[in-house]
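Visitor: The structure's right below; bear with me while I get my questions together.
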Amino acid sequence: MQKASKRAFIRKVKRITALFAALAFVFAAMSCAHQNDRSAQATREVFAMDTYMNVACYGKNAEKAADAAVSEIKRIDALLSITSESGSIRNLNEKGSSNVGAETAGIIERALDIHNKTGGAFDITVLPLMELWGFTSGEYRVPEESELKAALDGIGSEKLSVSGDEVSLGGALGIDLGGIAKGYTSDRLIELFKEKGLTSACVSLGGNVQCLGTRSDGGAWRCGIVHPFHKDSGVYLGVIAVIDKAVITSGAYERNFTDENGVRYHHIIDPKTGYPAETGLASVTIVSESGILADALSTACYIMGLDGASAYWRNSAEQFDMILMTNDGRVYITDGIADSFTSDFEVRIINR
Amino acid sequence: MKAHLRDIILIAAILLIGGIIALVLLLTRKTGAFVEVRVDGKTVASYPLSEDAEYDIAGVNGGVNHLIIRGGEAWVESASCPDGLCVNMGHIRHAGASVICLPNKVIVEIVAPDSGGVDVVVGQ
């Protein structure tokens with residue numbers, strides 16, 4: 001009798017032990033699978049172009065591609081920075097004309113093309129204005145109107161001329177490619193990733209995002225767009241799901257200062273007036289396959305305002321889409337991406 | 001009678017093992033958000049946002065940022081950098097929010113196990 005119950009007890013213990021062992025195995029397998037997913041990822045953080053950048057590569061070759069991305073970012077920063085001694089821009093700005101090399105000449109030509117198409121809203125010659133307002137040094141001040149008027153004579157991309165690799169400033173006082181350098185860089189990184197055989201990667205160059213392919217799980221990249229009035233609060237203006245796209249925002253909230261009278265001045269300077277563009281927009285987000293175009297247009301469309309930007313989009317909708325937020329909190333989106341966008345706020349659609 | 005006693009011992013043993021497993025899971029579970037500190041791209045520390053504390057972060061080139069975590073918020077109270085932008089960036093408490101000191105290459109970021117289902121944040 002006693003022996004039988006002892007045997008039953010041992011059987012019970014064995015059965016329960018087996019159950020626990022099975023459970024433990026399942027859990028271990030699950031956590032292992034999870035780890036494998038993550039180990040395919042290579043991330044890098046880079047401080048360059050006066051901001052910080054994140055690079056995330058997935059799949060085979062991810063480590064090599066991420067290292068190559070870091071070198072490429074540093075190379076382009078040195079090439080295009082207005083303060084870099086080894087770069088092409090500083091020399092041009094000092095001498096008024098110089099051979100800047102094929103790569104820089106190509107970027108300047110692209111900038112001139114966008115300048116023409118946007119009716120002058122995008123302009124790489126606004127450097128003297130940025131200096132007057134203190135946005136280059138961080139020593140902010142409101143310039144006198146006479147100072148701005150005098151500076152405006154030296155502003156205007158139409159003064160520039162490009163012939164081969166030779167660039168001449170004409171009557172312009174200097175150029176700064178800061179408005180497209182990050183967009184150009186993210187385009188270059190995506191090209192580089194493709195060369196390395198990657199199919200999934202995402203870079204954020206100081207909040208300028210560009211994605212290659214899909215996420216490693218096949219889903220679209222979910223990009224949360226900073227809400228201009230709830231910065232750092234975890235509230236997004238909305239989330240846009242993209243594949244193979246650059247998503248770049250310009251907003252007054254990014255860099256600004258308030259004078260002694262409580263008036264706020266931001267860094268998006270209208271090249272026609274010399275003053276920060278006040279068009280009723282709080283932020284403009286451009287979604288495009290081209291990083292350089294998205295970077296330039298985020299600034300240009302901000303300066304054009306809601307109506308101007310909408311009209312511009314209707315003429316070139318195959319190249320980009322956009323999400324606008326007005327100062328009174330209204331959200332507008334062009335119909336090409338409306339289905340990929342989710343937001344907690346009321347969204348109005350801009351149709352062709 | 002004896003078999004009955006053994007059943008009780010067995011049940012008690014299972015409960016005890018279950019309790020220990022539950023306790024271990026509970027203690028190692030990442031419930032709240034963390035304050036992650038990165039210097040020049042490398043994660044140097046991670047502190048729970050729920051525990052009040054103060055730390056000196058050693059940035060690049062001998063730079064120092066004094067980090068305070070208190071009441072579910074984190075901020076840089078003082079710093080050796082010339083511009084002091086990191087101090088002016090204010091307090092952060094939501095996942096994804098960060099304080100950045102470019103001169104010292106220091107990033108203080110709130111990271112949470114679930115950051116709202118977003119892969120990447122657009123805008124600064």
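The values are calculated or read from the model by the stated rules, or taken from the named source; none is laboratory data. For clarity, every value in this text was computed on a predicted model and none was experimentally measured. Glycine also receives a Cβ, built like all others from the backbone with ideal geometry; neighbour counts cover every protein chain displayed. For accessibility, only protein heavy atoms count, side chains too; no ligands or nucleic acids. Shrake-Rupley method; radii C 1.70, N 1.55, O 1.52, S 1.80 Å.
Visitor: Does A:GLU260 satisfy the criteria of being free of Cβ contacts under 8 Å to residues at least 40 places away in the same chain, farther than 20 Å from A:HIS227 by Cα and open to solvent by 30 Å² or more (accessible area, probe 1.4 Å)? Give the steps one after another, and end with the answer.
Guide: Details: free of Cβ contacts under 8 Å to residues at least 40 places away in the same chain: yes; farther than 20 Å from A:HIS227 by Cα: yes; open to solvent by 30 Å² or more (accessible area, probe 1.4 Å): yes.
Against the criterion (free of Cβ contacts under 8 Å to residues at least 40 places away in the same chain, farther than 20 Å from A:HIS227 by Cα and open to solvent by 30 Å² or more (accessible area, probe 1.4 Å)), A:GLU260 qualifies.
Visitor: Among the residues of the stretch A:222-238, which ones are at the interface with chain B (Cβ under 9 Å from one of its Cβ atoms) and open to solvent by less than 10 Å² (accessible area, probe 1.4 Å)? So that I can check it myself, show each step before the final result.
Guide: Initial filter on the stretch A:222-238 (at the interface with chain B (Cβ under 9 Å from one of its Cβ atoms)): A:222-228, A:231-237.
Within the stretch A:222-238, A:CYS223, A:GLY224, A:ILE225, A:HIS227, A:LEU237 qualify.
Visitor: Checking the condition within 20 Å of the chain's Cα centre (by Cα), more than 24 Å from A:VAL263 (Cα to Cα) and modelled with pLDDT of 95 or more, which residue from A:ASP123, A:ASP113 passes?
Guide: Numbers: A:ASP113 fails: within 20 Å of the chain's Cα centre (by Cα).
After ruling out the rest, the residue left standing is A:ASP123.
Visitor: Considering every residue within the stretch A:256-265, establish whether at least one is within 14 Å of another protein chain (Cβ to nearest Cβ) and of a type in the set (Ser, Thr, Tyr). Break it down into steps so the answer makes sense when it comes.
Guide: Filtering the stretch A:256-265 down to residues within 14 Å of another protein chain (Cβ to nearest Cβ) leaves A:256-258.
This time we only want the ones that are of a type in the set (Ser, Thr, Tyr), so: A:258.
The answer is yes, given that some residue of the stretch A:256-265 is within 14 Å of another protein chain (Cβ to nearest Cβ) and of a type in the set (Ser, Thr, Tyr).
Visitor: Let me ask something else about it. Hey, among A:SER137, A:SER204, A:SER186, which residue is within 14 Å of chain B (Cβ to nearest Cβ) and assigned to a loop (DSSP other than H, G, I, E, B)? Don't jump to the end; show me each part of the working.
Guide: Working: A:SER204 fails: assigned to a loop (DSSP other than H, G, I, E, B); A:SER186 fails: assigned to a loop (DSSP other than H, G, I, E, B).
Of A:SER137, A:SER204, A:SER186, the one residue that is within 14 Å of chain B (Cβ to nearest Cβ) and assigned to a loop (DSSP other than H, G, I, E, B) is A:SER137.
Visitor: From A:ASP123, A:ASP113, which residue is open to solvent by 10 Å² or more (accessible area, probe 1.4 Å) and assigned to a helix (DSSP H, G or I)? Walk me through it before giving the result.
Guide: On the way: A:ASP123 fails: assigned to a helix (DSSP H, G or I).
Among A:ASP123, A:ASP113, only A:ASP113 is open to solvent by 10 Å² or more (accessible area, probe 1.4 Å) and assigned to a helix (DSSP H, G or I).
Visitor: Check A:ILE108 against each of (1) out of contact with any Asp or Glu (no Cβ under 9 Å at 6 or more places or on another chain); (2) of a type in the set (Val, Ile, Thr); (3) over 30 Å from B:PRO103 (Cα atoms) and name the one condition it does not meet.
Guide: (3)
Visitor: Then there's this: Inspect the stretch A:327-342 for any residue being surrounded by 18 or more Cβ atoms within 10 Å (Cβ to Cβ), farther than 23 Å from A:VAL209 by Cβ and not acidic (Asp, Glu) and give the result as yes or no.
Guide: Checking the stretch A:327-342: not a single residue is surrounded by 18 or more Cβ atoms within 10 Å (Cβ to Cβ), farther than 23 Å from A:VAL209 by Cβ and not acidic (Asp, Glu).
Visitor: Just checking, does the stretch B:109-119 include any residue being of a type in the set (Val, Ile, Thr), at the interface with chain A (Cβ under 10 Å from one of its Cβ atoms) and touching a residue at least 60 places away in the same chain (Cβ under 8 Å)?
Guide: Taking the stretch B:109-119 first, the residues of a type in the set (Val, Ile, Thr) are B:110-111, B:118.
So of that shortlist, the ones also at the interface with chain A (Cβ under 10 Å from one of its Cβ atoms) come out as B:110, B:118.
Okay, now just the ones that are also touching a residue at least 60 places away in the same chain (Cβ under 8 Å), so B:110.
For the stretch B:109-119, residues of a type in the set (Val, Ile, Thr), at the interface with chain A (Cβ under 10 Å from one of its Cβ atoms) and touching a residue at least 60 places away in the same chain (Cβ under 8 Å): present.
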